[in-house]
Amino acid sequence: MSYKLGTMRNQRESDILSFIQERKEVSSKEIHEGLSSTASYATVKRLLLKLMDGNLISKKGVGKSTKYFISPSYEILRPIGLETYFEKEIDERQIKDSFNLHLISESLKSFALFSGNELERLNELQKKFKENVSQLSEFEYKKELERLAIDLSWKSSQIEGNTYSLLETERLLVEKETAAGKTKGEAVMLLNHKEAIDFIIGAPDYLSPLSISKIEDIHSILIKEFGVERNIRKRRVGISGTNYRPLDNEFQILEALSSMCELVNSKEIVFEKALLLLVLISYIQPFVDGNKRTARIVSNAILMSNGYCPISFRTVDSVEYKKAMLLFYEQNNISGMKAIFIDQYEFAVNTYF
């Protein structure tokens, strides 16, 4: 299955990947000679190092016998342009329409999700966050957290179709004043978000280590007064906009969640933990409703429990967020959500603290 690569900083990277895919195993010399471009051999070698850093290609052998090949993590990490991917309608796309039983227990265990450059960027932002926070009084820090909590409650709800504006959300959460013309359910969704965020702020270590029961506790707060079944679902659910079908067996769902918790607890890099939770809770769809909301709150809880900056997602386009998630459902490709995660982490550090 082949889709156009998303926009890359250097078209030559795309050309190199296509060449390696076609030839299976090639040397740097063969790549240089095979590309109809003016790229120098030194440039080809530099780009190969960059692609290896991004876990898109691997190599074997040493010296002149070194051969490059497409990495096992390529399908999960390769850049895919959302606009190009969604040019095809739902029934025209070739997708992985059933749950990938090997994705969590095998594939995602074996490689890093972030390239060295991406991790360096995130770590620099985290360093800036820590420096900024160290200069804030306790009152100022709590005020910034409150502002972020309002923004997160608003955006997370908006992604789910809530029509409250940010100003109306602030009025509701601070002054308990509902907006005219809005439903009670919309207000309840926002209030539940704020309660869930307040809970993780008040108990930052609650999700360490991560467990199914603790995820269920967060979900229970988010779906209060909605008449939604608590805990693991026992019936099939569908997802709008895709033909992907999540697991419909309660015991398989529990097994998938258990594998997810084991994977997240085993990861040393906090950014990987948070990104994995953001996509995997949504992918597993363990609950009848409220899965993506739970994913966003639990992901933030992991960041906060480790002293990292939480993310509000405030500037995310809701449609782009949904498309990035659909891409993960249908291709198990994390590139769209990873880009959103990195962008929003940077926004949060620069905006709130």
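Some points to look at:
- Charge context of Leu275, other residues only, Cβ under 10 angstrom, K/R +1, D/E -1: +2
- Three-way shape call for the stretch 11-71 based on the alpha-carbon gyration tensor, with the a/c threshold at 1.5: rounded
- Between the residues Ser211, Ile159, Ala179, the greatest Cα displacement towards the positive end of the dipole of the stretch 155-233, with unit charges on the Cβ of Lys, Arg, Asp and Glu, is found for Ile159.
- Each other residue within a Cβ distance under 12 Å of Leu77 adds +1 if Lys or Arg and -1 if Asp or Glu, for a net charge of -1.
- Structure-based [θ]222 nm, the chain - -39500 (n - 2.57) summed over DSSP H runs of at least 4, per residue, nearest 500: -18000 deg cm²/dmol
- Rounded to the nearest 20 debye, dipole of the chain from Cβ charges on Lys, Arg, Asp, Glu: 840
- Overall, the stretch 221-263 carries a charge dipole of about 200 debye about its Cα centre when +1 sits on the Cβ of Lys and Arg and -1 on the Cβ of Asp and Glu, all other atoms neutral.
- Using the average count of surrounding beta-carbon atoms within 10 Å as a protection proxy, the listed peptides 328-341, 111-124 rank, highest first, as 328-341, 111-124.
- Global geometry of the chain, whether rounded, prolate or oblate, following the gyration tensor of its Cα atoms and the 1.5 cut on a/c: prolate
- Global geometry of the stretch 206-334, whether rounded, prolate or oblate, following the gyration tensor of its Cα atoms and the 1.5 cut on a/c: rounded
- Calculated FRET efficiency for the pair Ile90/Leu35, C-beta based, R₀ 41 Å, to 0.05: 0.70
- Dipole magnitude (debye, nearest 20) for the stretch 237-301, charges at Cβ of Lys, Arg, Asp, Glu: 280
- At R0 = 56 Å, FRET efficiency that the Cβ-Cβ distance of Asn231 and Lys127 yields, to 0.05: 0.90
- Legend: distances between Cα atoms for Lys50/Lys109; Lys176/Lys273; Lys127/Lys322; Lys96/Lys194; Lys184/Lys214; pairs beyond 32 Å are Lys176/Lys273; Lys96/Lys194.
- Potential lengthening between Arg171 and Glu120 on full extension [0.36 nm per residue; Cα-Cα distance subtracted]: 14.5 nm
- Inter-part distance, the stretch 121-165 to the stretch 199-267, computed on C-alpha centroids, equals 24 Å.
- Two-site label geometry, Ser208 and Arg147: point separation in nm, points 7 Å out along Cα→Cβ: 2.6
- Label-point separation, Phe69 to Gln135 (7 Å along Cα→Cβ), nm: 5.2
Rule-based calculations on the coordinates, nothing more; no lab input. None of these values were measured; they are calculated from a predicted model. Neighbour counts run over all protein chains shown; Cβ positions are idealised from the backbone, glycine included.
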